[in-house]
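Report on the following structure.
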Amino acid sequence: MLYHSPVGIIKIKVSGNYICELLYIDEETKSSSGDDELPSKEKKILQKCIKQFDEYFSGKRKIFDLPVQQTGTAFQQKVWKELITIPFGKTISYLQLAQRLGDSKSIRAAASANGRNKLNIIVPCHRVIGSDGSLVGYGGGLARKKWLLNHENKFANGVSLLF
């Protein structure tokens, strides 16, 4: 299923009862969608995801309530769970992320796990920034990261430009 968001087209992948991946795609093709043959249970999950994305992009949703699942190591899973605890409209540094995980020396591993997150926006990896406050690293590109952070800051704090 393709979702046309303010930051571009997002391909939503569902497997079984879970959303398993969100991909930014540059252009829509006929083979991009492929949701006609999905079971009704998966279509309901997609509809719920689309509704929550609509709410998020209109500033009405700050926390997602969706069935998600992504495979990864125990450490990656720990990082992804920690990302969900970063409040809407707030950011932390990669160092702070590593410290929250219990080891400031694991900063590179935490950054790597953050970069392997396949559920961007829902698992808000865009809320992690450089220790100096700069925008660094985002699989969808820094322009999208900047847009998402400014969007959240606008609705959380009434400020339209953070970066």
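Quick look at the values:
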{"item": "Residue-averaged [θ]222 nm for the chain, counting only DSSP H segments that reach four residues, each worth -39500 (n - 2.57)", "result": "-11500 deg cm²/dmol"}
{"item": "Net charge, Glu21 excluded, C-beta distance under 12 Å - Lys, Arg +1, Asp, Glu -1", "result": "+4"}
{"item": "Likely footprinting exposure, Tyr18, Tyr94, fewest C-beta neighbours within 10 Å first", "result": "Tyr18, Tyr94"}
{"item": "Exposed GluC sites (Glu not before Pro) absent: longest stretch of the chain, with sites in DSSP loops and at most 13 other Cβ within 10 Å deemed exposed", "result": "38-163"}
{"item": "D_trans [Stokes-Einstein, Kirkwood Rh over alpha-carbon pairs] for the range 2-57, 20 °C, 1.002 mPa s, µm² s⁻¹", "result": "183"}
{"item": "Net charge dipole size for the range 53-101 [Lys, Arg +1 and Asp, Glu -1 on Cβ; Debye, nearest 20]", "result": "160"}
{"item": "The range 74-157 pair-distance distribution - Cα-Cα, 10 Å bins, rounded %", "result": "19, 58, 22, 1"}
{"item": "Positive-end residue, the range 73-163 charge dipole about Cα centroid, Cβ charges, pick of Ala156, Leu83, Leu135", "result": "Leu83"}
{"item": "Violating pairs (Cα-Cα greater than 31 angstrom) within the set Lys13/Lys105; Lys41/Lys154; Lys105/Lys154; Lys13/Lys62; Lys44/Lys105; Lys41/Lys105", "result": "Lys13/Lys105; Lys41/Lys154; Lys105/Lys154; Lys44/Lys105; Lys41/Lys105"}
{"item": "For the chain, average projected area of the Cα convex hull in nm²", "result": "9.4"}
{"item": "Net length gained if the chain between Arg61 and Ile25 were fully extended (0.36 nm per residue, minus Cα distance)", "result": "10.6 nm"}
{"item": "For the chain, built as a Gaussian network whose Cα springs stay under 10 Å, the top-fluctuating residue of Gly102, Gly141, Gly59", "result": "Gly102"}
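No lab work stands behind these numbers, since they all come straight from the coordinates. Predicted model, so just to flag it, every value in this text is computed and none were measured. All Cβ positions, even for glycine, are placed from backbone atoms using ideal geometry, and neighbour counts span all protein chains on display.
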